[in-house]
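Visitor: Take this structure, written in structure tokens, and hold onto it; I'll ask about it next.
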Amino acid sequence: MDKFQWWTELTHGGIFISNPVLNESFEERHVETWHWKYKRLRDHYNSFLSKESVYRRGSHPVHAWITNLFEDFLGHDSKHWLKGQNIPQRFAILSKTGMPIKPRRVLIDENGNAILLLQRDESERLGIHKGRRSYAQFVELLRKTNVSLGILINGHQIRLVYAGLDHDAWVQFQVDAWFDEGETRHQLDGFLTLLHPDALKVENGSFPLLGAVNTSRTRQADLADVLGDQIRQAVELLTSAIGRVQQTDMKFLDTVQITPGTESILSEEDTLNAVYQAATRLVMRKVILFYAEAKELLPKDNPFFFDNYSIEGLYSQLFNAVQHAGEEELKTRYSAWQRFLALSNMVHKGSEHEILPLKAYGGALFQRGNRQNADVVLRALSLFEQPNIPITDYEVYRILRLIKIGKTKVRQGRSSTYVSGPVDFGDMRTEYIGMMYEGLLDYELKKVERDDPKVILNIGNQPILPLKLLEPMDDAAIKNLFKKMKEDSASSSDDAPSGNGSSTESATDHLDDSTAYGRSLRWVVKAVEVASLIPRPRGAAAEQMYEEKKLEKARSLIVSVLEPGEMYLSRWGGTRKGSGTFYTKPSLAVPTTWRTLEPLVYYLTDEDKKVKTPKDILNLKVCDPAVGSGTFLVASARYLTEVLYESMLTH
């Protein structure tokens, strides 16, 4: 059985712990079915089931089962559990509805500080029907007592819960599965791994389980940064398709460039800007569609929708096609893009068909293009919506993969590396989507002029440099160029090649001055030597080895060579990377917003706080003049919604 395979078999709500962090933070623990601890645990569970079936009054048998599970099996010392009357009053709260809530047990460390709260839920299924209210109240209890972790248990199901300031996540165990004959019994290994005393041992104010949860939240913010760059690559793929058509049909952009009615002609800069905005809008549609399906705002569970419209369904079909038919086959197909456009139209206009009823969401994002509209972006959109637009299924697959598969940093020994994995859009905050879009505003679409090919170098912020300026450089100028721009040797961008391997011939034998790439490679080979980017080896075969290494290094330094007529994205500073828009992450924006708004919506005293009236709260106005991706405004809206609900129940 694969390591931590049980993790994928559990039920999850949001990202409690991400897969990479799980592998970094825990050593998997096992309990064998023949071991006395497993047999005794099974006997205790069977005893609980038999007593529960005849229970009428008195102490519920679940309490004895909880003791058997957490003290006898897991090994938590009974002196670290506060129970009943021994639980301090500071762990008792009044819910927003005025209901008193107090945990059944509190696990404390050696200093008496709470590690987690445990609450019994009388619902038959955790989080379902009546269980939803119990879960909401438990999250409220965790937040108001400033304890981040808790356990909600009804005897048959155990939910491990994390409650942050304005988000929560959980992972749930099904106890019956522990004692099945199949592979699901390994889920007990997961329970033992996450809740073993060592995973809850406090050192320097934290413990491994809580540290893993917090690290997973931090990694989501890092993932948003990585996705921002991948979204840019997706937009670039789309604009490249338009560029290919425009190179063979010089009048292709006339639809955008010539304003209907007035016949006025836009500049090339304004025309390219409209194409870029249209491509950005189309890629952001895909991001929103992945998000909407993950949030169940679209009927992904409807088989007809999934097979014929769903963005997840489309990615699944394309992925399987790549696995079975290969990438080259997808480069000859052109149906995926039209399917995506059909989904966009249905989201905008809705569907009244009995097989697939769907409300019309409207909005500018999903609005169709229009060749005759005065809005230049709508005219640009119409270019992408033509029935014969040559966007291949392989290009659609690459675009969807750039959106769906993100890279997160994981520890590997003493260093770190990036690993790829699917993005959980269901747990992605809306602010991060705003950050992805806002990051695209740092770029502009350009076109390579005639007889002026450009090379994108994998150094520093990936400068986009005209080849005609590089070739005349003398040795001193080349050294100065590489000195000013720190080489980004750790670049792992999907569109940055890492070289084509070693050669057994001289580097210059591979160069062809009749092509822009050949000229670029020749210059970079020279630059590698002049700037001393690789050491010169010694020995009998030193010269041949040196030539091979120079060529290998040169190839790794060329991200791309742009031919005349090609479209490409560039930051305003003439690079592909670098510092652009700066964002305030939710981890900072949320507590800042709460501290700012709290004295405006509560009457505060040294000992208590009382919520103001709904009228007072609704009269409050929040302004963020530098709104950016809306992080502070979203945090404000969420906070005020919670406070308004509390106020309506209070007054």
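Rundown of residues vs (1) assigned to a loop (DSSP other than H, G, I, E, B); (2) open to solvent by 50 Å² or more (accessible area, probe 1.4 Å); (3) at pLDDT 95 or above, yes/no style:
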position: PHE305; (1), (2), (3): no, no, no
position: GLY313; (1), (2), (3): no, no, no
position: ALA342; (1), (2), (3): no, no, yes
position: ILE355; (1), (2), (3): yes, yes, no
position: ARG371; (1), (2), (3): yes, yes, no
position: LEU381; (1), (2), (3): no, no, yes
position: GLN386; (1), (2), (3): yes, no, no
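Visitor: Can you tell me which residue is nearest to GLY211 (Cα to Cα) among those in segment 112-124 that are in contact (Cβ under 8 Å) with a residue 12 or more places away in the chain and surrounded by fewer than 19 Cβ atoms within 10 Å (Cβ to Cβ)?
Guide: Initially, segment 112-124 is screened for residues in contact (Cβ under 8 Å) with a residue 12 or more places away in the chain, giving 113-124.
If we keep only those that are surrounded by fewer than 19 Cβ atoms within 10 Å (Cβ to Cβ) too, we end up with 113, 120, 122-124.
Details: ASN113: 16, ARG120: 25, GLU122: 30, SER123: 30, GLU124: 31 Å.
So, considering only residues that are in contact (Cβ under 8 Å) with a residue 12 or more places away in the chain and surrounded by fewer than 19 Cβ atoms within 10 Å (Cβ to Cβ), the one nearest to GLY211 (Cα to Cα) is ASN113.
Visitor: Another question, if that's okay. Regarding LYS79, is this residue in contact (Cβ under 8 Å) with a residue 60 or more places away in the chain and either in a helix (DSSP H, G or I) or more than 21 Å from TYR38 (Cα to Cα) (or both)? Step through it out loud before you land on a result.
Guide: On the way: in contact (Cβ under 8 Å) with a residue 60 or more places away in the chain: no; either in a helix (DSSP H, G or I) or more than 21 Å from TYR38 (Cα to Cα) (or both): yes.
Judged against the criteria, LYS79 is not a match.
Visitor: Another question, if that's okay. Please work out which one of (1) of a type outside the set (A, V, I, L, M, F, W, C); (2) open to solvent by less than 60 Å² (accessible area, probe 1.4 Å); (3) within 21 Å of the chain's Cα centre (by Cα) is the condition GLU296 fails and give its number.
Guide: Only one criterion is unmet by GLU296, namely (2).
Visitor: Let me ask something else. Conditions first: (1) open to solvent by less than 40 Å² (accessible area, probe 1.4 Å); (2) at pLDDT 75 or above; (3) in a loop (DSSP other than H, G, I, E, B). VAL590 passes all but one, so which condition is the exception?
Guide: Checking VAL590 against (1) open to solvent by less than 40 Å² (accessible area, probe 1.4 Å); (2) at pLDDT 75 or above; (3) in a loop (DSSP other than H, G, I, E, B), the one that fails is (3).
Visitor: Consider SER148 against the criteria (1) over 29 Å from the mean Cα position of the chain (by Cα); (2) under 23 Å from SER78 (Cα atoms); (3) not aromatic (Phe, Trp, Tyr): it satisfies all of them except one. Which criterion is unmet?
Guide: The one condition SER148 does not meet is (1).
Visitor: Could you check, for segment 128-135, whether at least one of its residues is of a type in the set (Gly, Ala, Ser) and closer than 30 Å to THR430 by Cα? Give the steps one after another, and end with the answer.
Guide: Keep residues of segment 128-135 that are of a type in the set (Gly, Ala, Ser), which gives 131, 134.
The next check asks that each one be closer than 30 Å to THR430 by Cα; those that pass are 131, 134.
Yes, that holds for at least one residue.
Visitor: Test THR8 against the criterion of being over 28 Å from the mean Cα position of the chain (by Cα), among the polar types (S, T, N, Q), within 16 Å of LEU188 (Cβ to Cβ) and exposed (fewer than 14 other Cβ atoms within 10 Å of the Cβ), and give yes or no.
Guide: Working: over 28 Å from the mean Cα position of the chain (by Cα): no; among the polar types (S, T, N, Q): yes; within 16 Å of LEU188 (Cβ to Cβ): yes; exposed (fewer than 14 other Cβ atoms within 10 Å of the Cβ): yes.
Criteria not met by THR8.
Visitor: In segment 335-363, which residues are without any contact (Cβ under 8 Å) to a residue 24 or more places away in the chain and either of a type in the set (Gly, Ala, Ser) or more than 20 Å from ALA278 (Cβ to Cβ) (or both)? Talk me through it step by step, then tell me what you get.
Guide: Start the filter on segment 335-363 by keeping residues that are without any contact (Cβ under 8 Å) to a residue 24 or more places away in the chain, which leaves 345, 348-354, 357, 359-363.
Those that are without any contact (Cβ under 8 Å) to a residue 24 or more places away in the chain and either of a type in the set (Gly, Ala, Ser) or more than 20 Å from ALA278 (Cβ to Cβ) (or both): GLY350, SER351, GLU352, HIS353, GLU354, PRO357, LYS359, ALA360, GLY362, GLY363.
Visitor: Further, regarding this structure: What pairs come up if the first residue lies in segment 262-289 and is free of Cβ contacts under 8 Å to residues at least 12 places away in the same chain, the second is in a loop (DSSP other than H, G, I, E, B) and surrounded by fewer than 19 Cβ atoms within 10 Å (Cβ to Cβ), and their beta carbons are under 9 Å apart, counting only those six or more places apart or on different chains?
Guide: Pairs found: THR262/ALA374; ILE265/THR259.
Visitor: From the list GLN230, GLN187, which one is over 30 Å from GLY434 (Cβ atoms), buried (at least 18 other Cβ atoms within 10 Å of the Cβ), at pLDDT below 95 and of a type in the set (S, T, N, Q)?
Guide: Selected residue: GLN187, the only one of GLN230, GLN187 that is over 30 Å from GLY434 (Cβ atoms), buried (at least 18 other Cβ atoms within 10 Å of the Cβ), at pLDDT below 95 and of a type in the set (S, T, N, Q).
Visitor: Output the residues belonging to segment 533-551 that are open to solvent by 60 Å² or more (accessible area, probe 1.4 Å) and assigned to a helix (DSSP H, G or I).
Guide: Of everything in segment 533-551, those that are open to solvent by 60 Å² or more (accessible area, probe 1.4 Å) and assigned to a helix (DSSP H, G or I) turn out to be GLU543, GLN544, MET545, LYS549.
Visitor: Of the residues LEU94, LEU69, which single one is among the hydrophobic types (A, V, I, L, M, F, W, C) and open to solvent by 60 Å² or more (accessible area, probe 1.4 Å)? Spell out the reasoning first.
Guide: On the way: LEU69 fails: open to solvent by 60 Å² or more (accessible area, probe 1.4 Å).
From the options LEU94, LEU69, the qualifying one is LEU94.
Visitor: Now for a different question. Name the residues in segment 596-640 that are open to solvent by 70 Å² or more (accessible area, probe 1.4 Å) and modelled with pLDDT of 90 or more, would you?
Guide: If we filter segment 596-640 for residues that are open to solvent by 70 Å² or more (accessible area, probe 1.4 Å), which is where we start, we get 596, 600, 603-610, 615, 618-619, 621, 623, 625-626, 638.
Of everything in segment 596-640, those that are open to solvent by 70 Å² or more (accessible area, probe 1.4 Å) and modelled with pLDDT of 90 or more turn out to be THR596, LEU600, TYR603, LYS615, LEU618, ASN619, LYS621, CYS623.
The values are calculated or read from the model by the stated rules, or taken from the named source; none is laboratory data. Small disclaimer: the values here were computed from a predicted structure and weren't measured. Cβ sites come from the backbone with ideal geometry, for glycine too, and all protein chains shown count toward neighbours. Just so you know, the surface numbers come from the protein's heavy atoms only, side chains and all, with ligands and any DNA or RNA stripped out. Shrake-Rupley method; radii C 1.70, N 1.55, O 1.52, S 1.80 Å.
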